[in-house]
Amino acid sequence: MAVSYEEAVSTFEWDIPDDYNLPSVVEGHAEAHGDRTAVTFLDDEGTREERTYADVARDANRFANALAGLGVGEGDRVMHLLPRHPDAFAIQLGVLKRGALLVPCSAMLKPKDLGFRANDCEATTMVAHADLTDMVEPILDEAPLETRIVLDGEADGWESFADLLDGQSGEHDGPDVGAQDPMSINYTSGTTGQPKPVLHRHRWMRAFELVNAPYWWGVSAEGTAVPGDDGSEDVDLDEEFLWATTGTGWAKWFWSPVGVGLTVGASQLLYEGDFDADEFLSVMEREGVTRLCAVPTQYRMFTQTDLSGYDLDLTEALSAGEPLNREPIEALQDAFDITPRDGYGQTETVALVSNYPGIDVKEGSMGKPTPGLGTTIIDTQEETEVETGEIGEIAVPVGNPGIFDGYFEKPRLDEKTFSGDYYRTGDLASRDEDGYFFFEGRADDIILSAGYRIGPFEVEDALVSHEAVAEAAAVASPHDERGNVVKAYVVLADGYTGSEDLTGELQEYMKEETAPYKYPRRVEYVDELPKTSSGKTRRIELREREVEQFGE
Ligand code: ATP
Ligand code: MG
């Protein structure tokens, strides 16, 4: 039975049992439907491996036994450096069974990044794939990673994962772990500076199950009561195949494959290969993916290919991490009759704002506040809620189980982010009369030009709607009279070359598409934009280039 958004908001309850922990949830699924595939792993060479819920629960226990043998236990920090891998869930759950903390690292991190994290949180254990141990070796002098475990291979000074599991029991008797016990230290993406260590507790996973699963993915463990203004239908998990394209080291991995897929007990796809639009579309078609979660860059790449040849079983498409442009929304609507639904949140939180299933998606909006969180928009100085239409900072009342309660041993950072009654996200937005949120940009990315406040997203969104533009980033560029002007870094679509004529054309186009004061007075063509390894545009680097070139 479906419920309306208003009803969901007014009846929401944080039902979090004290003894809640993720491994026991997965064990519950193993008991209830142990034969259901938890994960189907594919790589681009055609390898296919499946793990059922019973397999994952058993292997997690075997790994926990092995970790116990190595002396890894409560409160220890265990880093992992893994590609998308069929054993990733079992490894993560095994660590949690020991009452230890996961420190997920993206497989794209370099020794410097790993050394920073290992020292910052004083990790003692590292689980790495054999292809990635080279990234760890150079930091062993400076980082206290005493215990090292290698997956799919051998390395000197490393225990083999396969050997460790050999002969272990599929039961594990570990410490009691509950909802308020620490679960992980997730480093933020580092889009605005040094990555920050977010300490999460087991309740985070329950919060995903209560919020992200129904109000974004549209699934629940019972398969029922998916909300929606249009009275969405019940969902049969046996008919669903979820795919979140993220890697194992990102908060997104916890947001979706773990926080939704595992908590509700769904079947999901794990594709090892790097992003390629046609490859991803073919995989989706072949495997019968029904719900996809990808990032805006990937959706933008989908629109650069011919979608008409694909026959998908897809019913839902989700996006998060950066604002979603209207281009891909329209392209997916045209090709597949699906409206991608944007969701907003952070490493620090669950989904704070979402286009929940059944909502009328408004162009350019990231949706409405999710039930249970009370996400609002406040004046950055006064810390009071702003009026409809006014821009302010997205904030969440403190003491909410859907957000973290502090960075790991960073009291000064805590002070900055938890001021007064709110957790402050550092993101700016406005709200319309229907309660829809519109993302303006990160507080740091806002362009102040001749008295105007310009959000980079609006400029970029309008630019990429021009056929010559594949990607764009707008930043402030210092200017004597105006303080700043809008500068657009543009990656051109195939077949176009940058020229003064094209710049003139883009500028004229922009004056038609957006309020004229937002048009980019400076345009530069580049082959690619600087990005975090999770694919987010690092406007901070571009801003610095402008300051170097044009002065403060
Ligand atoms: P750091 O905090 O280290 O600078 P980061 O903020 O990019 O990095 P994440 O926690 O991965 O690290 O990303 C959260 C941020 O991503 C949000 O604060 C917001 O700026 C942006 N974001 C996430 N989802 C959306 C969305 N749907 N629309 C617009 N922006 C989004
Ligand atoms: Mg952040």
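The values are calculated or read from the model by the stated rules, or taken from the named source; none is laboratory data. Just so we're clear, the structure is a prediction, and the values are computed from it rather than from any experiment. Reconstructed Cβ throughout: ideal geometry from the backbone, glycine too, with neighbour counts over all protein chains shown. Quick note on the areas: whole protein, heavy atoms, side chains included, nothing else; ligands and nucleic acids left out. Shrake-Rupley method; radii C 1.70, N 1.55, O 1.52, S 1.80 Å.
Name the one entry in G343, G364 that is open to solvent by 10 Å² or more (accessible area, probe 1.4 Å), away from ligand 2 (no atom under 15 Å from the Cβ), of a type in the set (G, A, S) and out of contact with any Pro (no Cβ under 6 Å at 6 or more places or on another chain).
G364
How many residues does the stretch 185-203 contain that are away from ligand 2 (no atom under 16 Å from the Cβ) and open to solvent by less than 10 Å² (accessible area, probe 1.4 Å)?
The number of residues fulfilling the criteria is 1.
For the list (1) modelled with pLDDT under 95; (2) open to solvent by 70 Å² or more (accessible area, probe 1.4 Å), I need the number of the one condition that Y5 fails.
Of (1) modelled with pLDDT under 95; (2) open to solvent by 70 Å² or more (accessible area, probe 1.4 Å), only one is false for Y5: (2).
Please go through (1) under 24 Å from A462 (Cα atoms); (2) open to solvent by less than 10 Å² (accessible area, probe 1.4 Å); (3) touching a helix residue (DSSP H, G or I) at 6+ places or on another chain (Cβ under 9 Å) for Y356 and return the number of the only condition it doesn't satisfy.
The number of the failed condition is (1).
Can you tell me which residue is farthest from the chain's Cα centre (by Cα) among those in the stretch 102-140 that are at pLDDT 95 or above and among the charged types (D, E, K, R)?
E137
Name the single residue that is nearest to E272 (Cα to Cα) among those in the stretch 126-143 being in contact with a helix residue (DSSP H, G or I) (Cβ under 7 Å, 6 or more places away or on another chain) and surrounded by 14 or more Cβ atoms within 10 Å (Cβ to Cβ).
Looking at the filtered set, the residue picked out is A128.
Tally up the residues in the stretch 52-86 that are within 21 Å of F241 (Cα to Cα), touching a Lys or Arg at 6+ places or on another chain (Cβ under 8 Å) and open to solvent by 20 Å² or more (accessible area, probe 1.4 Å), please.
1
Okay, residues lined up against (1) open to solvent by 10 Å² or more (accessible area, probe 1.4 Å); (2) of a type in the set (A, V, I, L, M, F, W, C); (3) more than 16 Å from ligand 1 (Cβ to nearest atom); (4) under 29 Å from P23 (Cβ atoms):
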| site | (1), (2), (3), (4) |
| --- | --- |
| S267 | yes, no, yes, yes |
| D276 | yes, no, yes, no |
| L281 | no, yes, yes, no |
| V289 | no, yes, yes, yes |
| T305 | yes, no, yes, no |
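What residue, among those in the stretch 411-443 that are polar (S, T, N, Q) and at pLDDT 95 or above, is farthest from ligand 2 (Cβ to nearest atom)?
Among those residues, the one meeting the criterion is S430.
What pairs come up if the first residue lies in the stretch 512-534 and is more than 16 Å from ligand 2 (Cβ to nearest atom), the second is assigned to a helix (DSSP H, G or I) and not hydrophobic (A, V, I, L, M, F, W, C), and their beta carbons are under 7 Å apart, counting only those six or more places apart or on different chains?
Once the first residue is more than 16 Å from ligand 2 (Cβ to nearest atom) and sits in the stretch 512-534, its partners that are assigned to a helix (DSSP H, G or I) and not hydrophobic (A, V, I, L, M, F, W, C) give T514/E458; K518/E458; Y519/Q507; Y519/K511; P520/Q507; V523/T503; P530/E541.
Scan the stretch 457-477 for residues that are over 19 Å from R326 (Cβ atoms) and open to solvent by less than 10 Å² (accessible area, probe 1.4 Å) and jot them down.
Passing the criteria: V475, S477.
Just to be sure I understand, how many residues within the stretch 517-543 are assigned to a loop (DSSP other than H, G, I, E, B) and over 15 Å from the mean Cα position of the chain (by Cα)?
Counting residues in the stretch 517-543 that are assigned to a loop (DSSP other than H, G, I, E, B) and over 15 Å from the mean Cα position of the chain (by Cα) gives 9.
Pick from the stretch 436-456 the residues that are part of a helix (DSSP H, G or I) and open to solvent by less than 20 Å² (accessible area, probe 1.4 Å): which of them is farthest from E512 (Cα to Cα)?
Taking the candidates together, the pick is D445.
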